[in-house]
Amino acid sequence: MSGTFTPNPAAAPLHTQVRAHAAMEARLMLRNGEQLLLAIVIPILVLVGAVLGADRLGLDLSSRAVDVFTPGVIALAVMSTSFASLAIATGFERRYGVIKRLGSSPLPRHGLLLGKVRALLMVQALQLLVVALVAFTLGWQPEVGFWPFLSSLILGTAAFASLGLFIAGVLRAEATLAMANLLYLLMMAGGAVVLPASAYGGFGRFTSYLPSGALGESMRQALQHGSWDLRGLGVMAGWAVLGTFLTARTFKWE
């Protein structure tokens, strides 16, 4: 005979577990000062500095500075969260045994990864809102192609998240911190994510094959011209496949 208060020891449905884990991951990400700096503060500083200083730098831009730089800064925000923040957080979670303990919970490993991805998307939604508000204040006038933009966002997130997890899964936490920050700074400065490839002279043709350059150019095409950058999308898809393969082969859960 069963009553209203009969215990039900079964685990919660997977989607409920993933939702709860994603909410926890997003809260932790936004409470961490370094990750908040990467996710929100740096992109905003880059946007304001680039727009206000474009004339002084003597950049030859095809459109208004705010219209050129805003898509690149949105790409930078995606890279900040999906790559640097994810790699650093996961590296220290491995160090302190957080992932190992979560592995002994009813949440399966693929549920753990789904929760991380969902948390990334939640934080990215906040990033997009903040960057867009600042850009509109500076006079941004986008010509949005929704599907090209969404495709760029998804493939860029997949590419950088897979590469971030690969680094976090094979290096010690301190090495992950150093490597993720170094690669982030190199891609921000020389990876054609904020500046278009044309600003790098002869080296610009090579940047389009980097995940940063592919994401930056895809965002510029989607938000400046409302069009597709099929090569950029293909490059990001290739990096996503490579990163996923490497992560699946090498990731250590403890």
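What follows draws every value from the coordinates through simple rules; no lab data is involved. Keep in mind that what you see is a predicted model, and the values were worked out from it rather than measured. Every residue, glycine as well, gets a Cβ built from its backbone with ideal geometry; the counts of neighbours run over all protein chains shown.
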message = Over the chain, with a Gaussian network built from C-alpha contacts below 10 Å, which listed residue (23, 89, 77) shows the highest mean-square fluctuation?
response = 23
ask   = 222 nm [θ] for the chain, helices only, -39500 (n - 2.57) per DSSP H run of 4+, per residue, to 500?
value = -22500 deg cm²/dmol
Cα point-scatterer Debye curve for the range 14-250, base-10 log of I(q)/I(0) at q = 0.13 Å⁻¹ = -0.74
task = Evaluate the distance, in nm, between pseudo-label points positioned 7 Å from the Cα of residue 63 and of residue 252 along their respective Cα→Cβ axes.
result = 4.7
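Arranged by the count of other C-beta atoms within 10 angstrom, fewest first, what order do 15, 21, 225 take? Don't jump to the answer; show the numbers that get you there.
Working: 15 10, 21 21, 225 16.
Listing 15, 21, 225 from fewest to most nearby Cβ atoms yields 15, 225, 21.
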ask   = Relative to the present Cα-Cα distance, how much length would full extension add between residue 92 and residue 178 at 0.36 nm per residue of separation?
value = 29.7 nm
key: Using alpha-carbon coordinates, inclination of helix 146-170 to the longest axis of the chain, degrees   = 60
ask   = So for the range 80-232, taking the charge dipole from beta-carbon charges (+1 Lys/Arg, -1 Asp/Glu), which of 181, 152, 210 sits furthest toward the positive end?
value = 181
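Let me have the relative contact order for the chain, percent, based on Cα pairs under 8 Å that are six or more residues apart.
Details: 348 pairs, mean separation 68.9, N = 254.
Once divided by the residue count of the chain, the mean separation gives 27 percent.
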query = Gaussian network model of the chain, Cα springs within a sub-10 Å range: biggest mean-square fluctuation belongs to which of 236, 179, 79?
reply = 179
task = Given the options 198, 152, 218, state which has the largest fluctuation in a GNM of the chain using a 10 Å cut-off (strictly under) for Cα springs.
result = 198
